[in-house]
Amino acid sequence: MTRYDGVEIQRWLLLRAIEWCSFPAFASQPLVPIAFLLFSWYWVIATVVVLNISWSGIKYSYVNITAARVASLFVGLAIWPSVIGSAIYLFIHRRFVPGLIALFWPFLAGHLPPYGKIGVIELAFAKKLGYVPDDGGQ
């Protein structure tokens, strides 16, 4: 088993908290460009925005380490093949607007509202990992 030092654990906690804060937008990065092949781009973006706003109601009360790890791995592996492949397909079929949005979606997804308190989520992940006691260290 690999041992991590405090700095590595804090970095992991921060990154997962940032992703969890807007989880639907984060997970949509490899999915939205593919959805543009099947649906109108404005409906796809509207759906992601609604999901992201709906996520605000549960993102602080529910944190799941397994879901965060799987989503991080999935997005990391699938993002660029799906983005580039979808954009090429859309450009070949002369669908330039969805092609451009698909190409820039990984950058646009990070700017979807609402934003959140990353520190609160980071602390919840730390408690789940046992890095911080449940009583807050008091």
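Here is how the numbers come out for the structure above:
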{"quantity": "Filtered residue count, region 51-78, keeping only those that are within 15 Å of residue 128 (Cβ to Cβ), of a type in the set (S, T, N, Q) and exposed (fewer than 13 other Cβ atoms within 10 Å of the Cβ)", "calculated": "2"}
{"quantity": "Per-region count, region 88-98, residues in a loop (DSSP other than H, G, I, E, B) and buried (at least 16 other Cβ atoms within 10 Å of the Cβ)", "calculated": "1"}
{"quantity": "Region 57-86 residues that are closer than 16 Å to residue 127 by Cα, paired with ones that are part of a helix (DSSP H, G or I) and aliphatic (A, V, I, L, M) (beta carbon under 8 Å, 6 or more apart)", "calculated": "59/121; 60/120; 60/121; 60/124; 63/121; 63/124; 65/129"}
{"quantity": "Subset of region 99-138 (residues that are of a type in the set (Val, Ile, Thr) and closer than 30 Å to residue 37 by Cα)", "calculated": "101"}
{"quantity": "Region 18-50, subset out of contact with any helix residue (DSSP H, G or I) (no Cβ under 7 Å at 6 or more places or on another chain) and not in a helix (DSSP H, G or I), residue surrounded by the most Cβ atoms within 10 Å (Cβ to Cβ)", "calculated": "39"}
{"quantity": "Long-range neighbours under 7 Å by Cβ, at least six apart or interchain, first residue modelled with pLDDT of 90 or more within region 1-20, second part of a helix (DSSP H, G or I) and not hydrophobic (A, V, I, L, M, F, W, C)", "calculated": "13/122; 14/122; 16/72; 17/122; 19/72"}
{"quantity": "Counted residues, region 104-117 - those being modelled with pLDDT of 90 or more and crowded, with 18+ Cβ neighbours inside 10 Å", "calculated": "3"}
{"quantity": "Tally, over region 102-125, of residues that are within 20 Å of residue 40 (Cα to Cα) and not in a helix (DSSP H, G or I)", "calculated": "1"}
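Yes/no per residue for (1) over 18 Å from residue 10 (Cα atoms); (2) more than 13 Å from the chain's Cα centre (by Cα); (3) part of a helix (DSSP H, G or I); (4) modelled with pLDDT of 95 or more:
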position: 58; (1), (2), (3), (4): yes, yes, no, no
position: 74; (1), (2), (3), (4): yes, no, yes, yes
position: 82; (1), (2), (3), (4): yes, yes, yes, yes
position: 86; (1), (2), (3), (4): yes, yes, yes, yes
position: 100; (1), (2), (3), (4): yes, yes, yes, yes
position: 131; (1), (2), (3), (4): no, yes, no, no
position: 136; (1), (2), (3), (4): no, yes, no, no
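The values are calculated or read from the model by the stated rules, or taken from the named source; none is laboratory data. Model, not experiment: these values are computed from the prediction. Don't worry about glycine lacking a Cβ; one is built from the backbone with ideal geometry, like all the others, and counts go over all protein chains shown.
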